[in-house]
Structures are given as C-alpha cells and as structure tokens.
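The structure appears right after this line, and notes come after that.
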Amino acid sequence: MKKLFLVFLLFLSCCYFQPKENSNLTIGIVTDVQYCACEPNDVRYYNNSAVKLDSCINYFNSQKLDFVAHLGDAIDRDFNSFDVILPHFRRSKAPVYFVLGNHEFNVQEEFKTSVLSKMNLKNDYYSISKDDWKFIFLNGNDLSFRVPQDSIKKAERDSLYAKLIRTGRCNTGKANGGLSSKQFTWLKNQLEDAVRANKKVIVMCHFPIYPVACHSLFNDEELTAMLTDYKCVKAYFCGHNHPGGYALKDGVHFINFKGMVDTPDSASFAKVTLTSDSIFVIGRGREITRRLKIF
Ligand SMILES: [Zn+2]
C-alpha cells in the first residue's frame, strides 16, 4: 500500500513538473563553465568543466531546443582557454547565445578588445524574439574595472561606485560590473517594443540583481526597479553566484542558476520550457527543478 502511494506521488510530481503542450519554446541554460587548464581551487574544478560541458551539450542535443544560453564566465583567466572551451559549445545542435561575464575579461590586457570577436558576438548586448517571447541579453560589464572604458563610461562607473561606498553597500568587489545609462536607454526601448508587440520577456545577465547581495550588479536596484515596472517581464536569469538562488518580486522570477565549475564531477544545467502559464525549469545535475507560474 505504502509502495503504491509512493508511485502515485511520483506520478503526480512527474505531471506537475512536466509541461503538457508541445508547441512551447524550450531552451537550454548553462552558466559559469569557467574553464581553465588549472589546478582546482577550493570547490572550483576548472579543468573538469570541458567534460561536464560535453555531458550538458549531449543532453541538450538529445532534446528539441530552440536555443542554448550560457550566462557568462565561459573561461576563468586566460585568453587561450577560449580556443579550448568554445569548440565544446559548438557541438550544440541548437544555436548558442553568450552573455558576457566578468571572467571573459580576466585575460591579458592586449586581448581584452578581442573578446567579443573571439566569442563571435557582434554586440555586447542584444535581443532575439521567438514566437510570443523576447529574450534580452545584457552586458553587466558595460561599466567595469576590468574592461577598457571611455571617459563617459569611466565617469559613470566612478560615480556609481562612489555611491555604493557612500551608502554602505557591499557589492563593491571590482570583479562586479554595471550597466551604462546608454544600455539602460536601449533596454527601456526594448521593453517598450515588447509591450507594443505583446511579447513576454526574459532578461538574461551574468550578475544577480535581486535580492541585493555582495555579488550583485553595481546598479542592481535600478535594474530591478525597471524590470519590475514592466508587466511583460516574466523572469530574470543570471549566474555569477555559483550556489544559485531564487526569488520572486512583483511577478518577476529571479533565477540564479548554479555554476558548472563547482564540484569535481557533478554538472549543473537546465532545460527551460516556456508554456502559456508556466516556466518549467528542469534541473540536471545540481540544478534545481522548479515550476514557476507566469504572472
Ligand atoms: Zn562571474
């Protein structure tokens, strides 16, 4: 009897966590692969990421995906690592969209301006539309201490940074970054377009923004305020904080996916299916499975 009850519970949970319709959008999410041919440091097993990414891409290739997104930090520290890890991403049958993390720019000074072309990115922030969804990929390193800045960005960065110090915020680690006012204006226009086109929006950026924390984007509060102001924004996907996390604010789901580089052998990635009423996150490895209602 007890066994039967357990089987019934398993059946219920399968139904609850599996989307029913098959005309949905399905995407693969992976983050913080952070590859390097380096010795492990604490929980970070840089060198094992290529094998873990292969298992992730094998799984993604066995599914029908519209695209795959990597949420930043494909490498850990040196430019040559791109030549090792990018071919593993290229095994994906579905197109791969890259979000820029802070570690992409943790490379020798002379290579910093070549990062975008190496990753085959025409722009550092961009958007794509599929069916009734729009996906916006932000560059959280727009204002940065690691990326070369022109005088306008430098002034913006320094005044934002000074404000964080003045107000006692702890997200002042110089590996963090921020959005320029130019990118905010672009984002606002993108959201206005989405409203006019009646599209639902998912925003992706490397850095978490909500709840505020020490690893947050420099302008976390401003970005959260803008996104929660738009009914069309349904979720915000990020990486950077490897243990991951989740929060809900004003109808927006903030999902921090777990970093792949942590642990010697267990990968972490997710298949995300978007239905008319839910976001199904099917976690693999260490990633958590969630069904999130679309508000
Ligand atoms: Zn990061």
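Coordinate-derived values only; no laboratory data. Note that the structure is a prediction, hence the values are computed from the model and not measured. Please note: Cβ atoms are built from the backbone with ideal geometry, for glycine as well, and neighbour counts cover all protein chains shown.
Annotation: aspartates and glutamates with alpha-carbon distance below 17 angstrom to residue 200 (same-chain offsets under eight excluded): 66, 131, 132, 192, 229, 250, 277.
Exposure proxy ranking for 159, 181, based on other Cβ atoms within 10 angstrom of each Cβ and starting from the fewest, stands as 159, 181. Apply the a/c threshold of 1.5 to the C-alpha gyration tensor of the range 84-217 and tell me whether it is rounded, prolate or oblate. Because a/c hits 1.5 or more and a/b fails to exceed b/c, the range 84-217 counts as oblate.
The Cα trace of the chain gives Rg and Dmax of 19.0, 72 Å, the first to one decimal, the second as a whole number.
Looking at the chain, the DSSP beta bridges with both ends there are about 60 percent antiparallel. Expressed as an acute angle from 0 to 90° and rounded to the nearest 10, what is the orientation of the C-alpha long axis of helix 151-166 relative to the principal long axis of the chain? Relative to the chain, helix 151-166 is tipped by roughly 70 degrees. Taking 14 Å as the straight-line reach from the Cα of residue 154, the aspartates and glutamates in range (excluding those fewer than 8 positions away in the same chain) are 142. Note on the chain: with charges restricted to the Cβ of Lys and Arg (+1) and Asp and Glu (-1), its dipole about the Cα centre is near 880 debye. Comparing 186, 257, 88 along the charge dipole axis of the chain, the residue lying farthest to the positive side is 257, per the Cβ-charge model. With a Förster radius of 22 Å applied to the beta-carbon distance between residue 170 and residue 42, the computed FRET efficiency rounds to 0.60.
Counting other Cβ atoms within 10 Å of each Cβ, which GluC sites (Glu not before Pro) in the range 94-179 have at most 12 and sit in a DSSP loop?
On the way: sites: 104, 109, 110, 156; in loops: none.
Answer by residue number: there is no such site.
With N the number of residues in the range 162-295, Rg(Cα) / (2.2 N^0.38 Å) evaluates to 1.10.
Distance from the C-alpha centroid of the range 267-295 to that of the range 54-121: 22 Å, rounded to the whole angstrom. For the range 20-97, the relative contact order comes to 39 percent (Cα pairs under 8 Å, sequence separation of at least 6).
Just the number, please: percent antiparallel of the DSSP beta bridges in the range 137-295, rounded to the nearest 5. Please report the intermediate quantities before stating the final value.
Numbers: 18 of 27 bridges.
Just about 65 percent of them are antiparallel.
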